Amino acid sequence: MPGDAVLNSAESSRARRYELFLWDFDGTLAHSWPQGLQVFNEIAARRGFTPITDPQAVRRMGPREFLRQHRIRLWHIAGLVRDWQRGMAAYMSEVELFPGIPEALQTLQQAGVRHGILSSNTVDNIRCCLRSRGIEEMFEVIQSAPRLSGKGRALRRLLKERGADPARVVYIGDETRDVLAARKAGVSSGAVGWGLHPLDHLAVHAPTHLIATTDALPLLG
C-alpha cells in the first residue's frame, strides 16, 4: 500500500516528527457531511444541478466526475462554493467533530506540535464550529482556500507567511485533492479514512501516511 500505513495505535515505530500539523476541516476534523449534503441539495434544486442521491457513490468520485455527474460546469464552481459556504453558516454551531479528534489534537499539542487549518470553508464558519466545541484556541492559524483547485498554492503561501520548514509540516485531509495539494506545496500528506474518500481510493495517490482511525493521529507527532 502506498505511503506509511498508520492503521492503529500499535504502529508507533513508523511515526515521523512534524512541528506543524495543518488540517483540512470538513471531513477531516468536522463531521459536516450531513449538513453539507443538505445545503448542496438545496443549491442544486435552485440552480438546476443534479442532487446527491447516493452519498456512497460520491465517495469514489474524483472532482471531474462529480461535476459531470451533477451537471455542474466549470464556470458554476465559484458561485456554488460561495452559496455552499453561506448555506453552511447557519449550521456550523451544530456540526460535530469526529470522535477522538479533540483528544488527538490535545495529545499532539502536549507533545509540542502546533496546529493550523487550511480549508475550502470560510474562516468565520470554521471558527464558529471550533468555538462551540471549545477548541478554537488550539489553532495558531486558520485560513480559507475558496478555490477548489487552489489548495497547493495556498499551502505554499501559508508556509512562507509562517516561516515554516516544509520538511517539518504535514497536511492532513480526507480528499484526493488534499494529497495532491500537499505534494504541490512540498509537504508530507496524511490521508484520513473517515471523511469523503475511502482509504483505498486515497492510497492510489500515494499519500505519505494513510490514517485509518483518529487514535492513530498522535503517532505522526
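Using Cα pairs closer than 8 Å and at least 6 residues apart in sequence, work out the relative contact order for the chain, in percent.
34 percent
With the calculation restricted to Cα positions, what are the radius of gyration and Dmax of segment 150-217 in angstrom?
11.7, 34
In deg cm²/dmol and to the nearest 500, what is the mean residue ellipticity at 222 nm of the chain if only DSSP H runs of at least 4 residues count, each as -39500 (n - 2.57), divided by the residue total?
Rounded to the nearest 500, it is -11000 deg cm²/dmol.
Could the peptides 73-81, 184-192, 97-105 be put in order, highest first, of the mean number of other beta-carbon atoms found within 10 Å of their residues?
Going from most to least packed, we get 184-192, 97-105, 73-81.
GLU19 to ALA111: extension gain in nm, 0.36 nm per residue of separation minus the Cα-Cα distance?
32.2 nm
Show the residues, 5+ positions off or on another chain, whose built amide H is closer than 5 Å to the amide H of ILE172.
Excluding prolines and chain starts, which carry no amide H, the hits are LEU22, TRP23, ASP24, GLY190.
Note the full-extension length gain between ARG82 and GLN143 as 0.36 nm times their separation in residues minus their Cα-Cα distance, in nm to one decimal.
Gain in length upon complete extension: 20.4 nm.
Given a cut-off of under 8 Å on Cα pairs at least six residues apart, what relative contact order in percent is computed for segment 33-93?
The value is 40 percent.
Name the residues of segment 27-41 whose amide N is less than 14 Å from a point 7 angstrom out from the Cα of ALA57 along the C-beta direction?
Nothing falls inside the zone, counting backbone N under 14 Å.
What is the distance, in nm, between label points placed 7 Å from the Cα along the Cα-to-Cβ direction at GLU136 and at GLU161?
Taking the simple label geometry, GLU136 and GLU161 are separated by 1.8 nm.
None of the figures in this text is laboratory data; all of them are computed from the coordinates on show. On a predicted model such as this, the values are computed, not experimentally measured, just so you know. When we count neighbours, we look across all protein chains shown, and the Cβ atoms used for this are built from the backbone with ideal geometry, even at glycine.
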